[in-house]
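**Student:** Quick one: this structure, given as structure tokens, is what I'll be asking you about.
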Amino acid sequence: MALALLATMPIALRRVWPRQVFVVVVVATVCAAIAYDSYWAAGAIVVFYTVGAHLQRREAALYGLAGLVVLGLATASIGSGGWSSTLTLLRLVPFAGAWILGDNLRTRRAYLHALEERAAQLEREQEANARRAAAEEQARIAREVHDIVAHNLSVIVVQSTAADSVFESQPEEAHRAVRTIEATARRALEELRRVLGVVRGIASLVENVRAAGLEVGVDVTGSPRELPPAFELSVYRIVQEALTNTLRTLTLDRRRCRPVSTLSS
């Protein structure tokens, strides 16, 4: 009864102490085989599976090989009245099979974990790239708007100062300066529209991406209203970057899925 308990009960702790449980169960199984000319294989099969599934391959192989040797020597003459190599090998097959099954499970689990880590890393990289692209685009837009506004406002300030100084003494010069201010302001507005006007093209952007093979939908919630031009352009650039990255990823996935013959051709 004591050997039976030692060969089975420790299995409940196999995930916590796989090495210790393996030794205890295998030793109890060997003692039962020597003392009573019989053995209980169920507990030993479970611990062979456990070391294969939860230990590193080299260590698991050492434990598994040692266990097979000890069990083989202890069970060689059970029920046969002498040594039988064929019968001994047949008795060891379940233990070796359990170890192989555990090793395969450990390998698959490590592979899946590596895939998850890779996917998480790619997701972090994509998020970082998106944030960096958005920040760079915002900085570029800010520089363009700053250059347009700063240049044209400088001209307007100079001309308004000149108009004020000659407003009474030289009305024609004052009128010319005012007309220059008007022309400069109009030119500034045109330049801003040129820089910010791409925001109106989200629909055409979506159509171009659809034509490239990516299914895209546009949902508008609420009523459209005017927004600050810089904000509108930032939104457009973010959408454009997201669609471009998605289309690039789709293209790469399609290339990976092509047959080798297609790629070579």
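The values are calculated or read from the model by the stated rules, or taken from the named source; none is laboratory data. For clarity, every value in this text was computed on a predicted model and none was experimentally measured. Neighbour counts run over all protein chains shown; Cβ positions are idealised from the backbone, glycine included. The protein model used for the area step is the full one, side chains on, heavy atoms only, and it has no ligands, DNA or RNA in it. Shrake-Rupley method; radii C 1.70, N 1.55, O 1.52, S 1.80 Å.
Let's see how each residue does on (1) of a type outside the set (Lys, Arg); (2) free of Cβ contacts under 8 Å to residues at least 24 places away in the same chain; (3) in contact with a Gly (Cβ under 8 Å, 6 or more places away or on another chain); (4) assigned to a helix (DSSP H, G or I):
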site: Ala114; (1), (2), (3), (4): yes, yes, no, yes
site: Arg124; (1), (2), (3), (4): no, yes, no, yes
site: Ala128; (1), (2), (3), (4): yes, yes, no, yes
site: Arg143; (1), (2), (3), (4): no, yes, no, yes
site: Asn152; (1), (2), (3), (4): yes, no, no, yes
site: Val158; (1), (2), (3), (4): yes, yes, no, yes
site: Ala188; (1), (2), (3), (4): yes, no, no, yes
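**Student:** Could I ask something else about it? Quick one: would you say Glu137 is of a type outside the set (Val, Ile, Thr), surrounded by 10 or more Cβ atoms within 10 Å (Cβ to Cβ), touching a Ser or Thr at 6+ places or on another chain (Cβ under 8 Å) and assigned to a helix (DSSP H, G or I)?
**Tutor:** On the way: of a type outside the set (Val, Ile, Thr): yes; surrounded by 10 or more Cβ atoms within 10 Å (Cβ to Cβ): yes; touching a Ser or Thr at 6+ places or on another chain (Cβ under 8 Å): yes; assigned to a helix (DSSP H, G or I): yes.
The answer is yes for Glu137.
**Student:** Could you name every one of the helices (runs of 4 or more DSSP H) located completely within the stretch 201-265 that has at least 1 residues being modelled with pLDDT of 75 or more? Walk me through how you get there before you give the answer.
**Tutor:** Values: elements: 202-211, 229-257, 260-264.
Result: 202-211, 229-257.
**Student:** Something else: Pairs only if they're at least six apart or on different chains, beta carbon under 6 angstrom, first in the stretch 170-186 and more than 16 Å from Val149 (Cβ to Cβ), second not in a helix (DSSP H, G or I); list them, first residue then second.
**Tutor:** Glu173/Val166; Ala174/Val166; Ala174/Phe167
**Student:** For the stretch 25-50, how many residues are part of a helix (DSSP H, G or I), over 10 Å from Ala7 (Cβ atoms) and either hydroxyl-bearing (Ser, Thr, Tyr) or in contact with a strand residue (DSSP E or B) (Cβ under 7 Å, 6 or more places away or on another chain) (or both)?
**Tutor:** 3
**Student:** Let me ask something additional. Restricting to the stretch 5-33, and then to whatever is over 21 Å from Leu62 (Cα atoms) and exposed (fewer than 14 other Cβ atoms within 10 Å of the Cβ), can you tell me which residue is modelled with the highest pLDDT?
**Tutor:** Of everything passing the filter in the stretch 5-33, Ala12 is modelled with the highest pLDDT.
**Student:** Kindly indicate which of Arg91, Arg131 is out of contact with any strand residue (DSSP E or B) (no Cβ under 9 Å at 6 or more places or on another chain), of a type in the set (Lys, Arg), on the phi < 0 side of the Ramachandran plot and open to solvent by less than 60 Å² (accessible area, probe 1.4 Å). Steps first, answer last, please.
**Tutor:** Values: Arg131 fails: open to solvent by less than 60 Å² (accessible area, probe 1.4 Å).
That would be Arg91, the only listed residue that is out of contact with any strand residue (DSSP E or B) (no Cβ under 9 Å at 6 or more places or on another chain), of a type in the set (Lys, Arg), on the phi < 0 side of the Ramachandran plot and open to solvent by less than 60 Å² (accessible area, probe 1.4 Å).
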